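Everything below concerns the one structure shown next.
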Amino acid sequence: PLTYDEVSLEPVGRMRVAVAMDKAFCFYYQDALDLLAELGAELVPFSPIADAHLPENISGLVLGGGYPELYAQQLADNKTLLQELKTAIDGGMPCFAECGGFMYLTQSIAGRAMVGALPGDCFDTGKLTRFGYITATAREGSLLCRAGEQVPMHEFHHWDTPLPGSAFLAEKPSGKQWRCAYATDTLYAGFPHFHFYAKPVMAQRFLAACRKETL
């Protein structure tokens with residue numbers, strides 16, 4: 001087993017997890033992906049721009065950050081994949097989606113239809129929005145966190161939506177607070193990025209959900 005801060009991280013088991021990876025989705029912490037692999041995930045990259053279908057025999061989805069706004073038309077044109085993603089997420093396939101990945105799951109980006117698994121339309125604010133490091137407190141139990149758990153995260157984006165979610169309470173060191181992100185038993189989706197090594201049990205919980213187990 002892996003050991004981190006005196007916490008033993010036992011491998012969860014083998015499963016295939018699809019990871020969006022192309023010009024539109026390219027912001028990842030490689031060591032966080034490596035942790036998922038060490039815990040048992042076979043990470044299968046796919047391109048939301050170029051691939052018409054999701055990889056076969058997958059148990060989970062990772063939609064990282066990036067620049068979907070720069071490729072919104074190409075993403076919107078890939079209608080078969082958009083529908084497959086919506087069907088998978090609506091059907092309860094575990095997924096975490098950060099920033100650009102979250103935007104991809106909303107109704108639209110700059111008026112171009114996206115996955116539509118979440119409400120809201122994304123628009124350019126013309127400036128950094130809610131920029132900086134935060135402590136996010138889970139307001140209820142969900143895929144990655146138990147109610148009341150805190151996770152260091154950060155936001156870095158110029159785009160926004162009128163419906164950014166409310167599953168977590170974000171707080172800056174200055175004391176400024178706001179609600180953010182969507183979270184269910186099978187989903188985390190929001191503008192804030194996090195690193196699995198900030199709370200490694202979240203990686204275990206994600207993969208346990210992919211295997212339909214409780215952790």
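The values are calculated or read from the model by the stated rules, or taken from the named source; none is laboratory data. Note that the structure is predicted; figures quoted are calculated from it, not measured. With ideal geometry, Cβ positions are generated from the backbone for all residues, glycine too; neighbour counts draw on all protein chains shown. These accessible areas exclude ligands, DNA and RNA; they are computed on the full protein's heavy atoms, side chains included. Shrake-Rupley method; radii C 1.70, N 1.55, O 1.52, S 1.80 Å.
The residue that is nearest to residue 210 (Cα to Cα), counting only those in region 16-35 that are modelled with pLDDT under 95 and touching a helix residue (DSSP H, G or I) at 6+ places or on another chain (Cβ under 6 Å), is 35. The one condition from (1) surrounded by fewer than 17 Cβ atoms within 10 Å (Cβ to Cβ); (2) farther than 18 Å from residue 29 by Cβ that residue 133 does not meet is (2).
For region 1-15, the candidate set comprises residues that are surrounded by 11 or more Cβ atoms within 10 Å (Cβ to Cβ) and assigned to a loop (DSSP other than H, G, I, E, B); within that set, the residue that is modelled with the highest pLDDT is 14. Checked against (1) in a loop (DSSP other than H, G, I, E, B); (2) surrounded by 13 or more Cβ atoms within 10 Å (Cβ to Cβ), residue 32 passes all but a single condition, namely (1).
A single entry from 49, 109 fulfils the requirement of being among the aliphatic types (A, V, I, L, M), open to solvent by 20 Å² or more (accessible area, probe 1.4 Å) and over 26 Å from residue 204 (Cα atoms): 49. Selection of region 39-51 for residues being small (Gly, Ala, Ser) and outside any loop (DSSP other than H, G, I, E, B) yields only 41.
Taking residue 79 as the residue in question, decide whether it is free of Cβ contacts under 8 Å to residues at least 12 places away in the same chain and open to solvent by 20 Å² or more (accessible area, probe 1.4 Å). Taking the combined requirement at face value, the residue satisfies it.
When you check residue 195 against the structure, is it touching a Lys or Arg at 6+ places or on another chain (Cβ under 7 Å) and open to solvent by 10 Å² or more (accessible area, probe 1.4 Å), yes or no? So residue 195 does not fit the description; no.
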